[in-house]
Structures are given as structure tokens and as C-alpha cells.
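Okay, so here's the structure we're looking at.
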Amino acid sequence: MICRTRKNRIAVWTISLFAVLCSYSVTSHAVFTIEVKRGTEAKIPISIAPFSIEHILQDGLQLSDIIETDLNGSGRFDVIPRTDHLSQPHELKSVDFKDWRLINSEALVIGRVINIGNGLFEVRFRLLDVYREKQLVGQKFRVPAGKIRKVAHQISDIIYQKLTGTPGAFDTRIAYVVVQEGASGIEHLLQVSDADGWNPTTILNSTEPILSPTWSPDGNQIAYVSFESGRSTVFVQDVWTGQRRLITEFRGLNSAPAWSPDARKLALTLSKDGNPEIYIFDMETSGLQRVTNHDAIDTEPAWSPDSKFLLFTSGRSGGAQIYRISVSGGPAQRLTFQGEYNANASYSPDGRLLSLITNQGNGYKVGIYSFQDQSVRELTSTSHDESPSFAPNGDVIVYATQRANRTGLATVSVDGQVQQVLKLQGGSIREPAWSPFTRKL
Amino acid sequence: MQNLSSLFAVALLSLAVAACAGRKPVEVEESSIEITDATGSEVSTGTASPSGLTEEESTTTLGLEDSTSGLDSATMELVNTRVVYFDYDSSILTPENETLITAHARYLNSAADVDVILEGHADARGTREYNLALGENRAKAVANLMLVLGVSPDRIETVSYGEERPVSIGSGEDAWSLNRRVEILYQ
């Protein structure tokens, strides 16, 4: 059974995420919204009237479907089902605001897609304040058919910013690793796609494992760990040209790369001096600076947004926990004290929170550490999660989660309210990394 | 350093699963080989005085036949076991592990042109990078014992694959326990 988001509103599930997954299909790209009702965080009720459309997107979806999935997944919006709409306006003059107040919609999005010839389409939309009966934003785009999905995400970004004050992160990308059965054995693919999993491009195809992809701050390069030579080595690759640079191939581990905010350094885990430690590699000089010095495991470095600190995972107190250390070395401060296992931490863009994997007796879950409370709270309802990565606006986290013998990707809003499953396809999908904001040209 | 001259055959490389139960006790007196914590705190060396060995000529071959002379059969059986297993989140060698690795070190000391690769692995729980480091520490723990027992460092190579090359797919302790391992590969 292939599930598609034909329905505007998926019923609220109160049972476990795994119980409702549909079968895999290599060609289907279904996105499910599973609402986990927790807390009473208010969401903005909004309606997306179907755009008058003269071009159906290849997948049968409409622009309004994409915008609806985007906004629902953020956890900040409550998109009212299309079946509740009392009218279907495409233009401002056809809007009867009473119809929208009646269904308790605070905001309304209307739009049109017009085929203007030469393979180009004009997309117009308006965001309206229902109670004050006025337009908040109106914009039009002129794009080829292949860019209409991107326009839908850009419209979502505009709506999001206008109504929440936070920039949207819908017109962004993710990198991740696919492991699948190929013609001549197991294939490991490093792929980049839209943040909702669409339009994947393979940028590396290997017969050996690929781990820990991570975006450079300008979004043009990805650092990753490759086992192509039979052991772990770190590469940096240009996303557009495919050009690669081998960073380190010392004896032992070369792993866990992390870009500094100014992109001039990569923090790494190397074990060349006896056991896994954190080092900083200078991208210009290729010089190495050692940061940690302890005979326990020290790995998974992550930079603070102000470039002053590194987070890392260390086994020095007996099990994996999160520590913070100045980039110039010195004493390490332990941050996590709850649960037997805390690992793979990274800062939110504003530096106030950490995403991480935590096990507090209920399995390995995505968690949030708050510097203010100095505590970790579990975020997901699943128990075999890995590799959490913040969206560049800090509101959503993408992660990998295991079901049966495969892993797939999902997102969770930072308040824990909404989880969306991405990218169902044959094969195992893991190690997601969310790109920085896309530069607008 | 022991002088173990033997004709000893190396079994074909395989991913044999150790039979942890039913292993014959090794007929060896071991004195003062103490490995405490795999994080490398205290290591003291001693000597192992094997009993039941006969001295043979000093050539070794990589033939396929087993020789019943040379290293005793208990040691030979141990050397045919090419996997060392570990507890969850641990790279500490159990006494059983130490016995196994000692037999391998003994073999290596008797076969000077044989090198060894130690591949460290971890089960799928937790994060991939931490598991990569855990696999590395497990391989290093085995290597360190071999070094202590006199094997030259340029003959030992360690590599970690973390959780990326499981022998058993699936979840549950049955699968996980088979993946928390170091594989001993001769070349």
C-alpha cells in the first residue's frame, strides 16, 4: 500500500509511529504528518486554498499540498483541512473573509499558477489576515516547471517568517547516506536532496561505508568520512563540481568532521596518538592542533556558534556523556548528567540548546539539552534514533530512526509536538545533515 | 620471550564464530599477566610458562595441514578462533579474551613472517561515530596485549569499522553480542 498525501489532514495518531508505516516503494516519496499532542503550545490556524493551477506537478501534488506539509511539519502551524473550506478563492476580490472566520482560520493563503509560455510559469500568492481582512504579503515568481517545488518552499518560508518572525527553513537541503542493494553488491550513496526529501542527487557512490556528512557554513561543500581505502578517512567535497580533497588519513581513526563557523577549520577525531581524541585541522595550512588529552573515547566534536567552544562526546566518566571544552584546550566541563548515554550533540543556531541522542532507560532518542535548565528532555516517541541535525532556523530537527532492519529519516519540531516521516524507499537511509540557509541570488 | 618453535598451520581466513562454551581449558601456567582497564591504566607484564609443549625445529610454514607437534592442541584450537567478544559499551578484555589473545600472540611469536590485522566492531546501538571509536578501542585493547606479550608493533595493524560491518543484522542481544567483537585476520 503506497500512502500519498492526497488527504489534507492525516488523522491524529496516538499510537506508536511504527505501527502506521506503509510499505516501502522505491519510487514513492510519501511524507506523513503524525501529530503527537504534547503540551499546549499554540499553533497558528491557517488555510491554504488550492491554487488555481494550469500545471500539475509531476508527482500529482499541488503547490498548496507542499505548503501545507511544510507548515504542518514545523509544529508552529495548524493547517485547516481542505475539506473544511467553505469557498475556493484564487483572487483577492473573490475572498469572503466570513467563510474563513467561520472555520477559525486566522490566516489564508490564495494563489494562482499561470502558464506564460516558453516553458515558464508565473506563480502568484497572497497571504491574508482573516480577522483584519487585509493582505500581509503578495508576491509573484516566474520560473520553469522544474522550479515550481522550490517556489512552493519559498512561499512557505515567506509565510513562516511573516507570521512567526523566524526565517523559514523550507527552501533548504539535506545531505544523507543511502545503503542499498545494487547490481553488484551493497552500494553506499551520499545524496543531497530538498529538505523534504525530493529531488535527490547522488554526489558519491561507494562500495564502502560513508559516515558523518556535514555542510560547510556556505553550503557549497560537504565533509564526510569514507571507508573507500579500507579504513576511515576524511574528505571534503564540493557539492557542485564534485571536486574532492583528502583531509586526513592517519593511522587509526579519521572521523567525525565538524566545520568551524568561519569554515577555516575542521574539528576531527583522530586516534593516531594512541586513542580517539579531538583535533582541529586548519584548512589553509593543513596544520593540526590537539584539543583533548584523555585515555577515554573523545569524539563527535561540534562548534559553538561563537567559535569559542567545542562540544564532544566522551566516555571518561564511564559511559558516553556530553562535554564542552574551549577550542584552545584545557579542562572539559561535563554538561549531561541524566541517563546512561548522551552523545552526538550539536548547538542550535542561537546557541541556547543542544540536540543530541539520549538514553534515559527508554531507548536511544533525540533529545534537547537546555543551557538554561541544564537538563535533557526526550523529544521523540521512537527508541532507535541517530544523527540529529538542526534546521538552520533552529525550529526543527531531522534525524534517522530505525524500523525493522532499516533506517529512515524523520523530522521533529523542537517543542516535540510534531513528527514527520520523510523518504520512504527501499534501502536504509541514515546520517542526515541539514544545510545552511540557501543563499538567494 | 618464549621460544616456541613449531610447525604450525594457519587455517584459512574465515569469519569463524567463536564457540565460547565448550572451549578446552588451556594447559598453561600463567604468571603475572595483569591487564586491568582497557583505557590503559595499569599494565604489567609477566611470563607464561606453557606446559605440555615439545621443542621442534624452528621453521614455520603456512601450510594447510595441522601439525600435532609444536604448539599444543589447546593453543591451536584457540588460534583457530579468530573473534574476540566484548561487553556492551566496553573495550575491556575478559579473562577468557586474554587467554584467547595469548594463544594468538604465542602463534605470532612462533611465525615471524605472519602479520595480523585487528578489526574492531561495535553493535548498532548508539551513535555511529562513538561506535567507530569503541571499535577502535577494542582493536587497540587486543593489540596492546599482543604487544605486551612480545609481538612487534610493525606486525600489528588495527582498524575500526564501528557498527558498519555487522555479522548479525537485527536487534536484540543475540544479534548485538555477535557484533561487539574484534576479528583477528592473519596475512
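The values are calculated or read from the model by the stated rules, or taken from the named source; none is laboratory data. Keep in mind it's a predicted model, so treat the numbers as computed, not measured. Glycine gets a Cβ as well: all are built from the backbone with ideal geometry, and neighbour counts include every protein chain shown.
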Note to self: Tell me yes or no: at least one residue of the stretch B:122-143 is β-branched (Val, Ile, Thr) and either within 15 Å of the chain's Cα centre (by Cα) or surrounded by fewer than 16 Cβ atoms within 10 Å (Cβ to Cβ) (or both).
What the structure shows: yes
Item checked: Residue within the stretch A:37-60 that is of a type outside the set (Asp, Glu), modelled with pLDDT under 95 and within 30 Å of A:ASN405 (Cα to Cα) present -> yes
Check: Quick check: is even one residue across the stretch A:297-315 in a loop (DSSP other than H, G, I, E, B), under 22 Å from A:SER387 (Cβ atoms), within 13 Å of another protein chain (Cβ to nearest Cβ) and at pLDDT below 95?
Finding: no
Margin query: Please verify whether A:GLY330 is over 25 Å from A:SER74 (Cα atoms), away from chain B (no Cβ under 13 Å), part of a loop (DSSP other than H, G, I, E, B) and at pLDDT 95 or above, treating the condition exactly as stated.
Written below: no
Check: Restricted to the stretch A:154-179, and to residues that are part of a loop (DSSP other than H, G, I, E, B) and touching a Phe, Trp or Tyr at 6+ places or on another chain (Cβ under 9 Å), which residue is farthest from A:SER348 (Cα to Cα)?
Finding: A:ASP171
Next item on the list: Identify the residue in the stretch B:121-139 that is closer than 26 Å to B:VAL79 by Cβ and in contact with a Phe, Trp or Tyr (Cβ under 7 Å, 6 or more places away or on another chain) and, among all such residues, is nearest to the other protein chains (Cβ to nearest Cβ).
Entry: B:GLY135
Margin query: With among the β-branched types (Val, Ile, Thr), farther than 17 Å from B:ASP87 by Cβ and not in a loop (DSSP other than H, G, I, E, B) as the only criterion, which of B:VAL159, B:VAL151 stands out?
Written below: B:VAL159
Next item on the list: Could you list, in sequence order, all residues of the stretch A:389-410 that are assigned to a loop (DSSP other than H, G, I, E, B) and either among the small types (Gly, Ala, Ser) or under 19 Å from A:PRO261 (Cβ atoms) (or both)?
Entry: A:ALA391, A:PRO392, A:ASN393, A:GLY394, A:ALA404
Next item on the list: Inspect all residues belonging to the stretch A:248-260 and state whether any of them is of a type in the set (Val, Ile, Thr) and within 12 Å of chain B (Cβ to nearest Cβ).
Entry: no
Notebook entry, point to check: Which one of B:SER168, B:SER152, B:SER160 is free of Cβ contacts under 8 Å to residues at least 12 places away in the same chain, within 14 Å of chain A (Cβ to nearest Cβ) and among the polar types (S, T, N, Q)?
Noted result: B:SER168
Next item on the list: Taking the residues in the stretch A:237-288 that are among the β-branched types (Val, Ile, Thr) and surrounded by 13 or more Cβ atoms within 10 Å (Cβ to Cβ) as candidates, determine which candidate is nearest to A:LEU190 (Cα to Cα).
Entry: A:VAL239
Margin query: Considering only the stretch A:182-201, I want to know if a residue exists there that is on the phi > 0 side of the Ramachandran plot and free of Cβ contacts under 8 Å to residues at least 24 places away in the same chain.
Written below: yes
Checklist line | Single unsatisfied condition, A:ASN275 versus (1) more than 14 Å from chain B (Cβ to nearest Cβ); (2) modelled with pLDDT under 95 | finding: (1)
Checklist line | Whichever residue in the stretch A:77-132 is in a helix (DSSP H, G or I), touching a residue at least 40 places away in the same chain (Cβ under 8 Å) and not basic (Lys, Arg) and, among such residues, is farthest from A:ASP395 (Cα to Cα) | finding: A:LEU92
Check: Looking only at residues in the stretch A:197-230 that are assigned to a loop (DSSP other than H, G, I, E, B) and in contact with a Gly (Cβ under 8 Å, 6 or more places away or on another chain), which one is farthest from the other protein chains (Cβ to nearest Cβ)?
Finding: A:THR207
Next item on the list: Of the conditions (1) without any contact (Cβ under 8 Å) to a residue 60 or more places away in the chain; (2) surrounded by 14 or more Cβ atoms within 10 Å (Cβ to Cβ); (3) of a type outside the set (A, V, I, L, M), A:GLN333 clears all except one; give me its number.
Entry: (2)
